[in-house]
1. Which condition from (1) at pLDDT below 95; (2) part of a helix (DSSP H, G or I); (3) among the charged types (D, E, K, R) is the one that Asp16 breaks?
2. All but one of (1) without any contact (Cβ under 8 Å) to a residue 40 or more places away in the chain; (2) touching a Cys at 6+ places or on another chain (Cβ under 9 Å); (3) acidic (Asp, Glu) hold for Asp74; which doesn't?
3. Name the pairs: first residue in the range 89-105 and at negative phi and assigned to a loop (DSSP other than H, G, I, E, B), second residue crowded, with 20+ Cβ neighbours inside 10 Å and charged (D, E, K, R), Cβ to Cβ under 7 Å, at least 6 apart or on different chains?
4. Out of Ala279, Ala292, report the one residue that is surrounded by fewer than 17 Cβ atoms within 10 Å (Cβ to Cβ), among the aliphatic types (A, V, I, L, M) and modelled with pLDDT under 95.
5. What single numbered condition from (1) surrounded by fewer than 17 Cβ atoms within 10 Å (Cβ to Cβ); (2) under 25 Å from Glu113 (Cα atoms); (3) in contact with a His (Cβ under 9 Å, 6 or more places away or on another chain) fails to hold for Thr214?
6. Specify the residue that is nearest to Ala426 (Cα to Cα); the eligible residues are those in the range 34-49 that are assigned to a helix (DSSP H, G or I) and in contact (Cβ under 8 Å) with a residue 24 or more places away in the chain.
7. Applying the selection to the range 299-310, what residues are polar (S, T, N, Q) and either at pLDDT below 80 or in a loop (DSSP other than H, G, I, E, B) (or both)?
8. Just name the residue that is least open to solvent (accessible area, probe 1.4 Å) out of those in the range 4-41 that are more than 24 Å from His456 (Cα to Cα) and of a type in the set (Gly, Ala, Ser).
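The values are calculated or read from the model by the stated rules, or taken from the named source; none is laboratory data. Remember, predicted model here, so these are calculated numbers, not experimental data. Because the Cβ atoms are built from the backbone with ideal geometry, glycine has one as well, and the counts that use them run over all protein chains shown. Only protein heavy atoms, including side chains, enter the accessible area calculation; ligands, DNA and RNA are left aside. Shrake-Rupley method; radii C 1.70, N 1.55, O 1.52, S 1.80 Å.
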Amino acid sequence: MRLLHSLAKTHASFDDPNLVSHAGLVPVMALAERAGLAGLVAEHVRPGGECGVNADLKVPCLVAGMAAGADSIDDMGLLRHGAMSALFGGVRAPSTLGSHLRSYTWGNVAQLEKASREFLVKLAGRAPLLPGAEALAFIDVDSMQKRVYGHHKQGARFGHTKIQGKSLLVRGLNALAAVVSTPIAAPVIAATRLRGGNAASARGAASLAARAITTARECGCTGMIVVRLDSAFYNAAVIGAVRRGGARFSVTAPMTASIRAAIAAIGDDAWTPIRYPRAIWDDQLGAWVSDAEVAETQYTAFASKKGHAVTARLIVRRVRDLNKAAEGQGELFPAWRHHAVLTDSPFELVQAEGQHRDHAVVEQVFADVTSGPLAHMPSGVFTANAAWLSIAAMAHNLLRAAGALASLPFARARAATIRRDLIAVAARTARHGRGHLTLHLPEGWHREHEWLNLLHAGCGPPAAAA
């Protein structure tokens, strides 16, 4: 690829008032409008003070900016270039949006979280967000330590996180989230909560899981729901909340003395080889040859807490531990590393164990939002950052719905891919007739058909009610 003109004869001028660089915001925000985003914010969110007015205009501005790739308050200026004022009304300056976020109290953040959950329900009614939810859905609850650097960030504390598999202390804020997915659908964010950096992982997880289950039911998850959690959420309060919500649980169990004793009691003939990373299929044996095996037994957890004892399946995966053998010396007897899962899942052993390992899908969601709106916690005010987290969840779910309406591949694509291929496309506006507006997009655009699918879904005739 090379330039066709000499550098001395190539010029640029920022003087065309009819151009926009993010034309994909038109069908995306049309979808948000049809899902009632502004109305939900107006109904539930009522910040105080002079800067708290017009939340129904300012929150959609923040959602639109995040959908286009903004990861800070100053980045919201991308909504004010060229012909954006001809396409959208009510656009506010970045400084106005920042002042609006700083006007939120913790009660206003709770109101915004409620609007976010109801917005997801509305989106699920307009886009195939969770196909297969009538049979089986998963809710994954986890927390993320988001590193911050400002010395005046409210709530910033040192908390534990893992970087490249190593646990270490990181100064930041802690985000708790619950995501909903199905075996054939990408995850959407059902509930969020921002906490201080030194908050324990399970703090507030019981109420968050309960709200996520309710939201999932309202989104059409009428079949079985399995809530998957790691060992940080292994406590009676969280498991009790899941069971009261009518869902199943699958939680990693810590290696306590009682669990080790239960594992030791499993007979050698009870272990089943499973397909594991680097497993090899043996045609003669007709099975996978692997260093991983699974077995199960019955176990009663929280027996010391009156009225909270839970008897369920203890599924154990063991992997050959080669590190315990001396270098250059064969092992005298096999050494194993054990990983236990407490679950009331009705699925057979190998399937239930594999489903629990898929809990890692929540890490993909964290990576998705971290490469987008949560690249920064943009304010020094804790409640402003908490509101930013809730709005980031709205933007993530809106992009998921837009991708599902565009095409099947985009239904599972990363948010960054949707932004690049469907939103960040240049267009020129042209008026004709009485109030008609045409967007002229690049000829030969490689995502033309997907873009038009999204435009028809967002701006075309309303779909018939189911």
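1. With (1) at pLDDT below 95; (2) part of a helix (DSSP H, G or I); (3) among the charged types (D, E, K, R) applied to Asp16, the lone miss is (2).
2. Of everything listed in (1) without any contact (Cβ under 8 Å) to a residue 40 or more places away in the chain; (2) touching a Cys at 6+ places or on another chain (Cβ under 9 Å); (3) acidic (Asp, Glu), Asp74 misses just condition (2).
3. Arg92/Lys58
4. Going through Ala279, Ala292 in turn, the sole match is Ala279.
5. So Thr214 meets the others, but not (3).
6. Arg34
7. Ser304
8. The extreme case among them is Ser6.
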